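The values are calculated or read from the model by the stated rules, or taken from the named source; none is laboratory data. Just so it is clear, the model here is predicted, and its values are computed rather than measured. Note that we place each Cβ from the backbone using ideal geometry, even for glycine, and neighbour counts take in every protein chain shown. Each accessible area value is taken on the protein alone, full model and side chains, heavy atoms only, with ligands, DNA and RNA left out. Shrake-Rupley method; radii C 1.70, N 1.55, O 1.52, S 1.80 Å.
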Amino acid sequence: MHISEGVLSGSILITGWAGTCAGLAVGLKKTDMNKITRTALLSSGFFLASLVNIKVGPSSTHLSFLAPMGLILGWGVFPAMFVALLLQALLFHFGGLLVLGANNFIMGVSSLSVYLLFGKLIRNSDSKILVMALAFISGALSIILAAFLAGVFLTLSDSNFLTAAKLVVIAHLPLALIEGLVTAFMIGWLKKSAPEFLL
Amino acid sequence: MMMIVCSLIYALSVSVSANLFALVAASLLPLYLLVKRPEILKPLIKLNALNLVMIITLALTWPNLCEGFIAGIIIALRFNMIYIIFSSLVFSEGEAKIYDSLVSLHVPEKLRILFLLTFRGINVMHERLDAALVSLRLRAPELGLVMRFKTFAYVTASVLLQSSSRSDRMTRAIICRGGFDGFSQTESGSLNLHDVVVLAGFVSYSLAIIILNHA
C-alpha cells in the first residue's frame with residue numbers, strides 16, 4: 001500500500017502534503033487530550049499490523065486495519081496514521097519521508113471515508129448481522145479505496161504508471177476480502193464487548 | 001553553507017548527469033562532516049567496506065568495466081550521503097531527547113505527545129500481541145482459513161481492549177501528576193549551528209531533487 005520514495009511527481013507530492021496538513025489540523029483539533037493515549041494505542045496497532053504476517057495458502061499477507069482505525073478514531077485517524085507512517089519510514093523504510101504526505105493522505109482519506117459512511121450506522125445498529133455486514137463492507141471498501149487512490153496518484157504522476165496502477169488495485173482485491181472478514185469479526189466483537197470503544 | 005552547496009551539487013548529479021566535478025563536490029560533504037563528527041567514522045568504514053564489494057561486483061558485471069566502476073562510485077557516494085544526513089538528523093540528540101528536538105521544530109504539542117506515546121506503545125502491544133498469537137498457534141495449529149481470521153480478529157480486539165484500559169489508567173495518572181504540561185522532564189533546548197546547517201542542507205537537498213526531477 002505504501003508508495004515508494006521517488007515515484008511520485010513534485011506536484012502530487014505537494015498535493016499529498018497539503019491534504020495531509022489539512023487532515024492533521026482537523027484531526028488534532030478534534031482529538032481530545034484525554035483520548036490521546038487511545039489514539040497512540042491505535043497508532044501502535046497500525047504500526048504493528050504491518051509486522052504480523054498471516055499465512056494464506058503458500059503465501060502470507062499482512063493487514064492494515066484501515067477500517068477499524070477509522071471507526072474507532074474518526075478524524076483522529078490522520079494524526080494517528082501520520083505518526084505510525086513516520087515511524088515506519090524512519091525505522092523500516094516503508095514508504096519514505098518525502099512521500100509521507102501522499103501515503104498519509106491516501107490511507108487517512110480511505111479510513112475516514114468508511115467512518116463517515118458507516119460509523120453512525122454501526123454505532124446505532126442493534127442487529128449483530130447488520131453490524132458485521134457493514135463492518136465487512138467498511139474493511140473491504142477501505143482497502144479498495146486506498147488502492148484506487150494510490151493508483152490515481154501514480155497515474156497523475158506519470159501516465160506510464162497506468163498499468164501499474166491497475167495492477168495495484170487488482171492485487172489488493174484478495175486483501176480487501178481478508179481485511180473485510182477481520183474487520184467484521186473485530187467490530188462485531190467490540191460492539192458486543194465494548195460498544196463505547198466505537199466512536 | 002558547505003553542506004548546502006554540496007547537497008545542491010549532489011542533487012544536480014542525481015538528476016542531470018554524474019560528472020567528475022559533481023562527484024568531487026559531493027565527496028567533500030562526508031569529509032567535512034567527518035571532521036565535525038568523528039564518532040560516525042566507525043560505522044561509515046563498515047558501510048564503505050560493503051560499498052567496496054558492491055563497486056567490484058558492479059564493475060565486473062557491467063558491460064563496460066569503467067562505466068560499471070563509475071556507477072558503483074556514484075551509488076557508494078549516495079549511500080554515504082544518505083547515511084550521514086540521516087544519522088545527523090535522527091541520532092544526533094539520542095532517543096531520550098527526541099521530545100526536545102520536536103519542541104525545537106515547533107511540532108504541535110498533541111502530535112509530540114502522540115509520537116512519544118506511540119513509540120512507547122509499540123513495544124507494549126507487540127509483546128502482548130506476540131504472546132497471544134504464539135499461545136494461539138500452540139493451542140490450535142490446524143485452524144481453517146476463516147476460523148484463523150476470526151481468531152486473529154478476536155485476539156487483536158481483546159489485546160486492544162486490555163491495552164486501552166491500561167492506557168486509560170495511564171492517562172488518569174498523568175492528569176493526577178499535573179497533566180500533560182509536565183509530561184516531559186527533558187530540558188527545553190535550542191538548535192545549535194550544526195543542527196541548523198544539517199537541517200538546511202536536508203531541506204535544500206530534498207527541494208533540489210523535487211525541482212530538478214520534475215521541472
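For the structure I just gave you, tell me whether A:L154 is over 17 Å from A:I3 (Cβ atoms) and hydrophobic (A, V, I, L, M, F, W, C).
On the way: over 17 Å from A:I3 (Cβ atoms): no; hydrophobic (A, V, I, L, M, F, W, C): yes.
For A:L154, the condition - over 17 Å from A:I3 (Cβ atoms) and hydrophobic (A, V, I, L, M, F, W, C) - is not met.
Residue under question is B:L138, and the condition is that it be within 8 Å of chain A (Cβ to nearest Cβ) and either without any contact (Cβ under 8 Å) to a residue 12 or more places away in the chain or buried (at least 17 other Cβ atoms within 10 Å of the Cβ) (or both); does it hold?
Values: within 8 Å of chain A (Cβ to nearest Cβ): no; either without any contact (Cβ under 8 Å) to a residue 12 or more places away in the chain or buried (at least 17 other Cβ atoms within 10 Å of the Cβ) (or both): yes.
It is false that B:L138 is within 8 Å of chain A (Cβ to nearest Cβ) and either without any contact (Cβ under 8 Å) to a residue 12 or more places away in the chain or buried (at least 17 other Cβ atoms within 10 Å of the Cβ) (or both).
Which of the following residues is open to solvent by 70 Å² or more (accessible area, probe 1.4 Å) and hydrophobic (A, V, I, L, M, F, W, C): A:I137, A:I122, A:I178, A:I143?
On the way: A:I122 fails: open to solvent by 70 Å² or more (accessible area, probe 1.4 Å); A:I178 fails: open to solvent by 70 Å² or more (accessible area, probe 1.4 Å); A:I143 fails: open to solvent by 70 Å² or more (accessible area, probe 1.4 Å).
The conditions single out A:I137.
In segment A:138-151, how many are under 9 Å from A:A67 (Cβ atoms) and hydrophobic (A, V, I, L, M, F, W, C)? Talk me through it step by step, then tell me what you get.
The first filter runs over segment A:138-151 and keeps only residues under 9 Å from A:A67 (Cβ atoms), leaving A:138-143.
Still in the list and also hydrophobic (A, V, I, L, M, F, W, C): A:140-141, A:143.
Of the residues in that region, 3 qualify.
Can you tell me which of (1) touching a residue at least 12 places away in the same chain (Cβ under 8 Å); (2) touching a helix residue (DSSP H, G or I) at 6+ places or on another chain (Cβ under 9 Å); (3) open to solvent by 20 Å² or more (accessible area, probe 1.4 Å); (4) of a type outside the set (D, E) is the one A:G45 doesn't meet?
Condition (3) is where A:G45 drops out.
Going through A:L121, A:L175, A:L181 one at a time, which residue ends up being touching a residue at least 60 places away in the same chain (Cβ under 8 Å) and farther than 14 Å from A:I106 by Cβ? Reasoning before the result, please.
Details: A:L121 fails: touching a residue at least 60 places away in the same chain (Cβ under 8 Å); A:L181 fails: touching a residue at least 60 places away in the same chain (Cβ under 8 Å).
Sole residue among the options that is touching a residue at least 60 places away in the same chain (Cβ under 8 Å) and farther than 14 Å from A:I106 by Cβ: A:L175.
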